[in-house]
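Right, one structure below, let's go through it.
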Amino acid sequence: MNNIERIKLNLRLQKLLSGIDGLYLGKRLMKTDPKNKKSKTKEEMLVELEEEVKNCKKCMLYKTKVKSVFGEGDPDTKLMFVGEGPGFEEDKQGRPFVGAAGELLTKIISAMGLTREKVYITNVVKCHPLRIPDPYLRNNDRPPTKQEIESCIPYLKKQIMIIRPRIICCLGSTAATVLTKKEEPISELRGKIFKYEEIPEIEIVPTYHPAALLRNPSLKPLVWKDMKLIMKILGLK
Ligand code: URA
Ligand code: SF4
């Protein structure tokens, strides 16, 4: 496939996935439809998408959520982290990774010489999956079901398309399996580089979830190895 064909294929995929009908030139999305003269910034597109998520009723998790958790960070970042879904604290604050696992993720990001503001952090599902339907009960998390993931994944795909990071770091097996489409356990997927099917220029590096590091600190050196791989790809020192 030559370059022009790849660009065309990419535009078709973008359009198919999002209804977004245009090309990024700098920060603005230039509409390729001549009838549509307006162009939207990444920020504007993310604000619109976040509003959709706030009002979403595509799966039953909307019934028990306190706040949806869309994601946050730099829309122009080269590095996006994707977790599984909001937990207790995230559900109350409406922000990703702000509980105990989030504290560790913040430390990992700063050990890479970055800050939370310089990367983008989000999850596979945007509402808190509960075992017992009471959002004020602690230690009541569960992984999202296949159906919940299927309902919610278009939001993550659109976020990826808008932000277009260079690397997506999947935190844990839920994000790794969903984005690489590989069924192997996280111990097999971590530290390897995969292509993001929808946009092959984007590479995926799975690693362990920070909550797994809290339970099992002996995994920390492996995660650090994976972060060094990401830093090398991004040209960070
Ligand atoms: N675990 C996740 O997967 N995501 C969060 O936002 C918090 C904890
Ligand atoms: Fe909608 Fe996702 Fe929340 Fe389900 S988890 S209600 S699909 S935003």
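No lab work stands behind these numbers, since they all come straight from the coordinates. On a predicted model such as this, the values are computed, not experimentally measured, just so you know. All Cβ positions, even for glycine, are placed from backbone atoms using ideal geometry, and neighbour counts span all protein chains on display.
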- Query: In terms of the Cα gyration tensor, with a ≥ b ≥ c the square roots of its eigenvalues, is the stretch 141-204 rounded because a/c is under 1.5, prolate because a/b exceeds b/c, or oblate?
  - Reply: oblate
- Note on the structure: Spelling it out for CYS169: with amide H atoms placed in the peptide plane at 1.01 Å from N, the residues 5 or more places away or on another chain with amide H under 5 Å from its amide H are MET80, PHE81, VAL82, VAL205
- Sites GLU43 and LYS107, calculated FRET efficiency, Cβ-Cβ separation with R0 35 Å, nearest 0.05: 0.80
- Query: When we measure straight from the Cα of LYS228, which aspartates and glutamates land under 16 angstrom away, once same-chain ones fewer than 8 places off are left out?
  - Reply: GLU203
- Task: Using Cα positions and a limit of under 20 Å, work out the lysines in reach of LYS146, with same-chain residues fewer than 8 apart set aside.
- Result: LYS57, LYS58, LYS63, LYS65, LYS126, LYS157, LYS158, LYS181, LYS182
- Calculate the dipole size of the stretch 101-217 relative to its Cα centre from +1 charges on Lys and Arg beta carbons and -1 charges on Asp and Glu beta carbons; express the result in debye to the nearest 20. 180
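So which chymotrypsin sites (Phe, Trp or Tyr not before Pro) in the stretch 172-236 pass both tests, a DSSP loop state and at most 12 other Cβ atoms within 10 Å of the Cβ? Let's see the in-between values first.
Details: sites: PHE194, TYR196, TYR208, TRP224; in loops: TYR196, TYR208.
When the chymotrypsin sites (Phe, Trp or Tyr not before Pro) of the stretch 172-236 are filtered for loop state and at most 12 Cβ neighbours within 10 Å, nothing remains.
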- Task: Could you tell me whether the stretch 126-237 comes out rounded, prolate or oblate from its Cα gyration tensor? Rule is a ≥ b ≥ c as square roots of the eigenvalues, rounded for a/c under 1.5, then prolate if a/b exceeds b/c, otherwise oblate.
- Result: oblate
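Rounded to a whole number of µm²/s, how large is the Stokes-Einstein D of the stretch 76-120 at 37 °C and 0.692 mPa s, given Rh as the Kirkwood radius over C-alpha pairs? Could the numbers behind the result be given before it?
Working: Rh = 11.0 Å.
Reported coefficient: 298 µm²/s.
As a test of understanding, state the convex hull volume per residue of the stretch 42-234 from its alpha carbons, in Å³.
Working: hull volume 20.3 nm³, N = 193.
Value for the stretch 42-234: 105 Å³ per residue.
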